[in-house]
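Reviewing the structure listed below.
The values are calculated or read from the model by the stated rules, or taken from the named source; none is laboratory data. No experiment lies behind these values; they were computed from the predicted model shown. For neighbour counting, all protein chains shown are included, and Cβ atoms are generated from backbone atoms with ideal geometry for every residue, glycine included. Just the protein is used for accessible areas: all its heavy atoms, side chains included, with ligands, DNA and RNA removed. Shrake-Rupley method; radii C 1.70, N 1.55, O 1.52, S 1.80 Å.
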Amino acid sequence: MADFAVVVGVARYPELSAEGIAPDLDGPNNDATAVLEWLVAADGGGLDRANVKLIRSADFIPPDPGNPQPAEAEVERALKWIELQTRDIRGGRLYLYFSGHGFAPQLEEGALFTAEATQVSPSYIYAHDWLRWFRRAQRFQEFVLWMDCCMNYQQSIPVRPLNMRAETGTGTMGPAFVAVAAQTRSALEGEMADGLVHGVFTWTLLQGLRGGAADERGRITGESLKNFLHTVMPEHLPDRVKSANSVDLQPFVRDDGGIVFRRLSAQPMYRVRLAFPPSAAGRQLQVWTGRPHRLVVAEPLAGTEWTGELVRGLYLAEVPAAGLRQGFQVTGTGDVSCELPGEGPAAVAPAGAGQFQLDIVAQNAAATVTVLDYTFQKIFTATGELHERDLPGVYKIRMEIGRDMGTVKELIVLLDRDTAWDSVAARPLPSPAPIPGSAFTHESHVWPFAEAAAGKGIFAERGPGDAALSVLSRFWGGEPRSTVRTGPPHPMQGMELFRSDGGRLAHMTDECRFDDHSRVDRVAVWERNLEPGVYFLRLMPETGRSIEASVVACAGWLTQLAIQRPNIAAGQQGIGGVVPNGDAAVFMRDLQQFSGHSGQEAVTESFALDSAGGIDLPPASQDAVIEAARIALAQKRNLLAGTRGTNLQKLLLEDFDDPVAGIIGGHLLLMAIDAAAEPEQARARLFDTAMARLQGMVGSWHPDVAALSLRCTDPALRPDTPFTAPPMFSRSWQLIIEASYANADLVPASLWSRVHANGSIGPYFIWATDEASRAAHAKQLEEWIAVHGSRSAERAAATRPAATRSAATRAARLAGLPVAASGIIAARNVPAAVRSILAVQDVPAAVSDDGRRLQIPAAAAETLWREAVTGQPMP
């Protein structure tokens, strides 16, 4: 059986680059070439060159401004050529590789923007859908999809169904290996060791395929390649992004098992240099690895260095006589050089088959604790704390808050006795809120945030039943302003607050406290007592487009927003919607706790003062836990899976005093319930209890609380009235949309009209308000529904009596419309008289499914469909 491949690299995006949406790329041409070279190499994929279609921007030089390439049609021709080659003879393995700008129509399913993409018409190849079609048709025995693209979740781009007749084989679908550069974030490129620019993912992938991912038997399998990508890819991330919060630490990889990419005669060895303090000279060096651990090096040090060769894995080096003990890793990417100054007791050789206790308690209850064995295989994962027993051996302990490189802290240890660590910290929390000790905070940011959190100032003057709102906005560059030629604009620039009836409440730049003399990133605070209700915060960047998000103010509560705005150089608009970089945090403070306190007393009571007089929060502070949980929600990480996160569940769902904690906890609990293999009645009861508590704290009218309550098992807790305002969180909107397919009245047309061009920033629900973005989204919806409408009309006409079909054909010809050979007419642009003949009564399941995915409420999806098919608006 022959193997086939399609390799695509799109580096030039004339329209997107001109619009400032997405820049041209340097890596895809190089990456596509490198992947081709591996595919056709005798010691690589071994494919016949004639069976590989290579499509790159570099192949269309000079470019034609009127016809950007590679375009969608060009790539589709290559994919359809593969279909033609395997129509009669099943292939062996299919390779699909795509590099360029991309997005995720559905979570963990990639699509590649093609060269002609624009803001209004985002042309693309839905790569995962093509893979799915080939698998269902069983055209190959094995399937491989590699994508070096961003995977930002773009639900606002309506993807068209694949224009291929459905085909299902009669056997069992072959295994697939799918690897995409990111899980929910951006992918990166940079200059690599060969002096060329490559995607970090592709560079790492090819290193693994060339031998780095070989397992102990010398095989490069789907499992070993997945392990390699997860372990090694962070090493190649540029230093400038390792502390950022916009790039995934690891790629998304799905391995069905059974795929072997290469077989080597032996596992590769890598040169290792270890350097020790002078006290180690002349002493015995021992290097351990394995599970149970075993000695692989035992020899005296001639000086303060040792060089040798080791296979890929985790190791612990020690010089017992000098009290030195430290772990290191050989990742399989090349030579290793380590300074080893660590201290510790002498290793204990394993005796028998006994196991040791390993107890790890994270400083933040929402942190993920992971344990990997000496081959980098993940063996334990927990949320907040981990308590396990295992064989003695060399392990890696990973502490992380999020998938970002800047949140991860790793430690290589030898488990040769019962071991416990308490209050273990990951790296600083990447929060937009200036929580003390977080990653993006200057000391000058902390006081304004703490004062608002403690109810200082204006909030003391509130009237009975009032709510309060505090908005802190800041830029983050990390450097004093004196080192930068031009500072950022006003932190509140372009920000306005509107009432739900559309009336403007505030130009926030005009009414905020702002210190323009700070030498570091500037901060501004806007505060006001308000009537309870839903307000809309509007942000108008310099691009001329604008977005809004809901802000909910509840009686007796202070809603506190902390907004981190992007640096001007980094701020870019997202494809398919206005989604600028940046982040926000939201908290709610009980105003009653401030009664009788002066501002400074409240600050002192709410925040512990450290020895330097600055503000510090205790390690397990509620704000830090809420923020870590919010980051997990944004990244769709299931912190409460199975029995994980018992303490976190208590903090977010049982003992919370911040309603935002309960909202985030409710969404995380639903994520765990939905992912469970069996119904979880105890957790369903916990969810109902948490929702009842939330309703008692802020009222059942709060749109996020009402959205969550739609999932309560107790009917008395579920709302049955229409939503009049959008929620703050994207997952809340998804719950409302899902429920609308059982009760179409939940989302009135007026609400959908306001928010239809929607998207997300982190976990928050946002929507475009400028006409250009709204019109672009409306056009995309038109194009999407037209495909469904045409197909539905064709299916309906095909099932009608011949006389009816003849009448439709005659009517179409009289109208001067094209008629297909089958006598079925197209639905678009058909006069009403003809449409009436083709009237379809029931909305197809495909429209409903797509409507849910695209966050279109049921009534709106039905209206769009009926107008597309019949030309008749809904009554």
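What tally of residues in the stretch 329-348 results from selecting those that are at pLDDT below 90 and closer than 19 Å to residue 373 by Cα?
Adding up the residues that qualify gives 1.
Being closer than 28 Å to residue 26 by Cα and aliphatic (A, V, I, L, M) is the filter here, so list the residues in the stretch 83-117 that pass it.
94, 96, 104, 107, 111, 112, 115, 117 - these are the residues of the stretch 83-117 that are closer than 28 Å to residue 26 by Cα and aliphatic (A, V, I, L, M).
Output the residues belonging to the stretch 197-232 that are more than 17 Å from residue 30 (Cβ to Cβ), open to solvent by less than 10 Å² (accessible area, probe 1.4 Å) and under 26 Å from the mean Cα position of the chain (by Cα).
208, 213, 222, 225, 228, 229, 232, listed by residue number.
Looking at 661, 739, 682, 725 in this structure, which one is hydrophobic (A, V, I, L, M, F, W, C) and either open to solvent by 30 Å² or more (accessible area, probe 1.4 Å) or closer than 27 Å to residue 151 by Cβ (or both)?
From the options 661, 739, 682, 725, the qualifying one is 682.
For a quick check of your reading: which strands (runs of 3 or more DSSP E) sit entirely within the stretch 326-413 and have at least 1 residues that are under 27 Å from the mean Cα position of the chain (by Cα)?
Once the strands (runs of 3 or more DSSP E) in the stretch 326-413 are filtered for at least 1 residues that are under 27 Å from the mean Cα position of the chain (by Cα), what remains is 356-362, 368-372, 378-383, 385-390, 393-400.
Being within 32 Å of the chain's Cα centre (by Cα) and either modelled with pLDDT under 70 or part of a loop (DSSP other than H, G, I, E, B) (or both) is the filter; apply it to the stretch 510-523 and report the residue that is farthest from residue 582 (Cα to Cα).
The extreme case among them is 520.
State whether the residues of the stretch 759-771 include one that is assigned to a helix (DSSP H, G or I) and modelled with pLDDT under 95.
Yes: one or more hits.
Can you pull out the residues in the stretch 204-250 that are under 19 Å from residue 104 (Cβ atoms) and modelled with pLDDT under 85?
Of everything in the stretch 204-250, those that are under 19 Å from residue 104 (Cβ atoms) and modelled with pLDDT under 85 turn out to be 233, 245, 246, 247, 248, 249, 250.
In contact with a helix residue (DSSP H, G or I) (Cβ under 7 Å, 6 or more places away or on another chain), buried (at least 21 other Cβ atoms within 10 Å of the Cβ), farther than 30 Å from residue 188 by Cβ and not charged (D, E, K, R): is that true of residue 365 in this structure?
Taking the combined requirement at face value, the residue satisfies it.
For the stretch 420-437, state whether one or more residues are of a type in the set (Asp, Glu), modelled with pLDDT of 85 or more and under 29 Å from residue 225 (Cα atoms).
Scanning the stretch 420-437, I find no residue that is of a type in the set (Asp, Glu), modelled with pLDDT of 85 or more and under 29 Å from residue 225 (Cα atoms), so the answer is no.
When you look at residue 375, is it within 24 Å of residue 293 (Cβ to Cβ), crowded, with 17+ Cβ neighbours inside 10 Å and in contact with a helix residue (DSSP H, G or I) (Cβ under 7 Å, 6 or more places away or on another chain), yes or no?
No: the conditions fail for residue 375.
Just give me the residues in the stretch 308-331 being surrounded by fewer than 21 Cβ atoms within 10 Å (Cβ to Cβ), over 18 Å from residue 277 (Cβ atoms) and among the aliphatic types (A, V, I, L, M), in sequence order.
310, 311
Does residue 720 satisfy the criteria of being open to solvent by less than 10 Å² (accessible area, probe 1.4 Å) and either out of contact with any helix residue (DSSP H, G or I) (no Cβ under 6 Å at 6 or more places or on another chain) or part of a helix (DSSP H, G or I) (or both)?
Criteria not met by residue 720.
State whether the residues of the stretch 254-263 include one that is open to solvent by less than 40 Å² (accessible area, probe 1.4 Å), under 30 Å from residue 200 (Cα atoms) and not in a strand (DSSP E or B).
Yes, some residue in the stretch 254-263 is open to solvent by less than 40 Å² (accessible area, probe 1.4 Å), under 30 Å from residue 200 (Cα atoms) and not in a strand (DSSP E or B).
Can you pull out the residues in the stretch 121-159 that are at pLDDT 75 or above and part of a loop (DSSP other than H, G, I, E, B)?
Of everything in the stretch 121-159, those that are at pLDDT 75 or above and part of a loop (DSSP other than H, G, I, E, B) turn out to be 121, 122, 123, 126, 137, 138, 139, 149, 150, 159.
Residues are listed down the side, and each one gets a yes or a no for (1) within 24 Å of residue 694 (Cβ to Cβ); (2) charged (D, E, K, R); (3) open to solvent by less than 20 Å² (accessible area, probe 1.4 Å); (4) modelled with pLDDT of 90 or more:
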{"site": "483", "(1), (2), (3), (4)": "no, no, no, no"}
{"site": "497", "(1), (2), (3), (4)": "no, no, yes, yes"}
{"site": "526", "(1), (2), (3), (4)": "no, no, yes, yes"}
{"site": "530", "(1), (2), (3), (4)": "yes, no, yes, yes"}
{"site": "544", "(1), (2), (3), (4)": "no, no, no, no"}
{"site": "556", "(1), (2), (3), (4)": "yes, no, yes, yes"}
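Which of the residues spanning the stretch 690-716 are open to solvent by 70 Å² or more (accessible area, probe 1.4 Å), touching a residue at least 12 places away in the same chain (Cβ under 8 Å) and in a helix (DSSP H, G or I)?
If the condition is that a residue be open to solvent by 70 Å² or more (accessible area, probe 1.4 Å), touching a residue at least 12 places away in the same chain (Cβ under 8 Å) and in a helix (DSSP H, G or I), then 693 is the only one that fits.
Pairs only if they're at least six apart or on different chains, beta carbon under 8 angstrom, first in the stretch 853-866 and open to solvent by 20 Å² or more (accessible area, probe 1.4 Å), second at pLDDT 85 or above and of a type in the set (Ser, Thr, Tyr); list them, first residue then second.
Close Cβ pairs satisfying both conditions: 859/740.
Please work out if residue 357 is modelled with pLDDT of 95 or more, of a type outside the set (A, V, I, L, M, F, W, C) and surrounded by 15 or more Cβ atoms within 10 Å (Cβ to Cβ).
no
From the list 115, 111, pick out the single residue that is more than 20 Å from the chain's Cα centre (by Cα) and of a type in the set (Gly, Ala, Ser).
None of the others qualify; the one that does is 115.
If the requirement is being under 33 Å from the mean Cα position of the chain (by Cα) and surrounded by 13 or more Cβ atoms within 10 Å (Cβ to Cβ), which of these qualifies: 47, 54?
Residue meeting the stated conditions: 54.
Looking only at the stretch 499-509, count how many residues are surrounded by 18 or more Cβ atoms within 10 Å (Cβ to Cβ) and part of a loop (DSSP other than H, G, I, E, B).
2
Considering (1) among the hydroxyl-bearing types (Ser, Thr, Tyr); (2) over 26 Å from residue 233 (Cα atoms); (3) part of a strand (DSSP E or B), say which one residue 315 fails and leave the rest.
Only one criterion is unmet by residue 315, namely (2).
Considering only the stretch 742-758, state which residues are in a loop (DSSP other than H, G, I, E, B) and surrounded by fewer than 23 Cβ atoms within 10 Å (Cβ to Cβ).
Those that are in a loop (DSSP other than H, G, I, E, B) and surrounded by fewer than 23 Cβ atoms within 10 Å (Cβ to Cβ): 742, 743, 748, 756.
Just the residues that are more than 23 Å from residue 474 (Cα to Cα) and charged (D, E, K, R), please, taken from the stretch 398-449.
398, 400, 403, 409, 410, 416, 417, 418, 422 - these are the residues of the stretch 398-449 that are more than 23 Å from residue 474 (Cα to Cα) and charged (D, E, K, R).
Tell me the helices (runs of 4 or more DSSP H) entirely within the stretch 1-96 that contain at least 3 residues that are aliphatic (A, V, I, L, M).
27-40, 72-85
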